[in-house]
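The next block holds one structure in the form of structure tokens; read it before the comments.
The values are calculated or read from the model by the stated rules, or taken from the named source; none is laboratory data. Everything numeric in this text was worked out from a predicted model, so none of it was measured. All Cβ positions, even for glycine, are placed from backbone atoms using ideal geometry, and neighbour counts span all protein chains on display.
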Amino acid sequence: MHLLRTDLEATKAALARKKVPAGDVEHAAALDAEGRKLASQADALRSQVKALSKQVGDAMRAGEEGRAADLRQQSKRLGEDLAAVEERARTAQSQLHEALLRIPNLPAPEALDGASEADNVVRRTVGFDPARYGPHQRVPHWDIGTELGILDLERGAKLSGSMFPLFRGAGATLCRALCQFALDRNRDAFTEIRPPSLVRSPALEASGQLPKFADDAYHVERDDLWAVPTAEVPLTSMHAGEVLREEELPVRVMAYTPCYRREAGAAGRDTRGLLRVHEFDKVEILAVCKRDQAGELHEDILARATGSIEALGLPYRVVEICTGDLGQSQARQYDVEIYAPGCDMWLEASSVSWFSDYQARRAAIRYKPLAGGPPNVCDTLNGSALAVPRVWAALVETYRQPDGSVELPAPLHPYLAGQTTIRVI
């Protein structure tokens, strides 16, 4: 809001990098100006009504009943005018709130410029050699899962509809193992949280999910609660409305949650197997910090995301997301993609994002500076420490053996209840 009032042209130019029409920004600025104008008019009318009320009292004390009656009539007319102006002001404020919710975050100055996904840039590729894969690894995970009896898409669809997978036996154990593996790798610096899986609308608004992505979320209308699309949502709003101490920052938290997404915009994209599902398990890591801590934390979260993938022996690449492909809330973003040889695809396994103060401003998360002065708004960052479905898929394809079994990597062995090889039963 401050930028709309103080530097409209620079704000329009910054948002144009995210393909936001200038008219959308100008509309919000006009609503703000109208709201402030109406608020000023209401203040003036309120002052006049107050002055007339005093004059009515003075007239009554002086025994001037006729003059008092005239003043009451004037006060009544002004009161009616005031009510009308206040109603218009509330309408303008409501419209401004809605407009601001739909305007995305400004991209960071250093964010990669580009118009679309085609302009994203692969910054590095680690461990990928297409010649290393044998024919036994070029089998898609949905066929491997069916053959080994560890993935039952048909029964999942029978229970809940398409894109709701059902894992069986070692397949289900592998899901839990991946989550515990990710939690254990990050507990050196991040405090584990188990948040509710259903949240109120303000939590989704704060993270930038509402109203833009309402069609992609599951809404429990009876209770006006939303199934979390990612643990980012409850973790971001844990400190909503709070003023933290500067010495508390950065706050580092992580959470395992099931995640729910309608994937309403996924028409025409590959939805076979676990490539795109409505429910999945994920471990999220998130930081609340000061602006001067954000750059180092962004690199740390990215290193943690890639470190887990590298520990599992999966080839990966880091992709910088250009401004035209950045999401609603992101100021800068890197994606970590893993290679699945059976699908012969690079699959997004993690998004590591810096949101500047966009989310914290919506959630009213601030900190009190040690040096004194008014509270400052925090920054937020987050990343997927590990999202199960695509990592699960890449693992069973990569580690499939010529005899059809799957030898799981050593870092997962402590979490597999002794079953380190998955064979046909």
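The table that follows gives values for the structure above.
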item	result
Residues of the stretch 229-252 satisfying the condition of being more than 16 Å from Ser207 (Cβ to Cβ) and either among the hydrophobic types (A, V, I, L, M, F, W, C) or not assigned by TED's automatic domain parsing to the domain that holds Asp292 (or both)	Val243, Leu244, Leu249
Qualifying residue in the stretch 131-138 (condition: surrounded by fewer than 19 Cβ atoms within 10 Å (Cβ to Cβ), free of Cβ contacts under 8 Å to residues at least 24 places away in the same chain and of a type in the set (D, E, K, R))	yes
Among the residues listed as Lys18, Lys12, the single one being in contact with a helix residue (DSSP H, G or I) (Cβ under 7 Å, 6 or more places away or on another chain), closer than 30 Å to Ser116 by Cα and outside any helix (DSSP H, G or I)	Lys18
Residue, surrounded by the fewest Cβ atoms within 10 Å (Cβ to Cβ), within the stretch 289-319, restricted to residues that are within 20 Å of Leu244 (Cβ to Cβ) and out of contact with any strand residue (DSSP E or B) (no Cβ under 6 Å at 6 or more places or on another chain)	Asp292
Count - residues of the stretch 165-206 that are within 16 Å of the chain's Cα centre (by Cα), in a loop (DSSP other than H, G, I, E, B) and touching a residue at least 40 places away in the same chain (Cβ under 8 Å)	2
Answer residue from the stretch 214-234, given it is assigned to a loop (DSSP other than H, G, I, E, B) and touching a Pro at 6+ places or on another chain (Cβ under 7 Å) and is nearest to Val20 (Cα to Cα) among those	Ala217
Residues satisfying the stated conditions in the stretch 102-112, i.e. under 18 Å from Arg361 (Cβ atoms) and either among the hydrophobic types (A, V, I, L, M, F, W, C) or assigned to a loop (DSSP other than H, G, I, E, B) (or both)	Ile103, Pro104, Asn105, Leu106, Pro107, Ala108
Number of the condition not met by Pro211 [criteria: (1) part of a strand (DSSP E or B); (2) modelled with pLDDT under 95]	(1)
Ala115 vs. criteria crowded, with 18+ Cβ neighbours inside 10 Å and either touching a helix residue (DSSP H, G or I) at 6+ places or on another chain (Cβ under 8 Å) or not in a helix (DSSP H, G or I) (or both)	no
Cross-chain or 6+ apart pairs with Cβ under 6 Å, the stretch 272-288 first and surrounded by 24 or more Cβ atoms within 10 Å (Cβ to Cβ), then among the acidic types (Asp, Glu)	Glu284/Glu232
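Matching residues to (1) in the same structural domain as Tyr358 (by TED's automatic domain parsing); (2) in contact with a Pro (Cβ under 9 Å, 6 or more places away or on another chain); (3) not in a helix (DSSP H, G or I):
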| position | (1), (2), (3) |
| --- | --- |
| Val288 | yes, yes, yes |
| Gln293 | yes, yes, no |
| His298 | yes, no, no |
| Arg304 | yes, no, no |
| Gly313 | yes, yes, yes |
| Val318 | yes, no, yes |
| Gly327 | yes, yes, yes |
| Gln330 | yes, yes, yes |
| Tyr334 | yes, no, yes |
